[in-house]
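Reading through the structure tokens given below for one structure.
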């Protein structure tokens, strides 16, 4: 089993802080929503899976139901889904 090490956390501290900022914004604007729909943040190639999953858990923990949509654009239209 691959685990997140302290070295991983140090190496990706900036990215981790970015996900924490996203969490703060979601809590501020979407905590009382019935459903949150958000494009799925795509991981960089060198990110280990447990760290990426920890970031996703950070975003969604104790939030309303979440729907991640695959994409990496600011706007998704029906023909892109």
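Quick notes on this structure:
- Scanning the range 1-10 for residues that are surrounded by 10 or more Cβ atoms within 10 Å (Cβ to Cβ) and either modelled with pLDDT of 95 or more or in contact with a helix residue (DSSP H, G or I) (Cβ under 6 Å, 6 or more places away or on another chain) (or both) gives 4, 8.
- Filtering the range 2-31 to residues that are touching a residue at least 24 places away in the same chain (Cβ under 8 Å), farther than 17 Å from residue 68 by Cα and part of a loop (DSSP other than H, G, I, E, B) leaves 2, 3, 4, 12.
- Close pairs from the range 32-50: first more than 24 Å from residue 14 (Cα to Cα), partner assigned to a loop (DSSP other than H, G, I, E, B), Cβ under 7 Å, at least 6 apart: 33/64; 34/64; 35/64; 35/65; 36/63; 36/64
The values are calculated or read from the model by the stated rules, or taken from the named source; none is laboratory data. Quick caveat, the model's predicted, so the values are computed rather than measured. Using ideal geometry, Cβ is built from the backbone for each residue, glycine included, and neighbour counts are taken over all protein chains shown.
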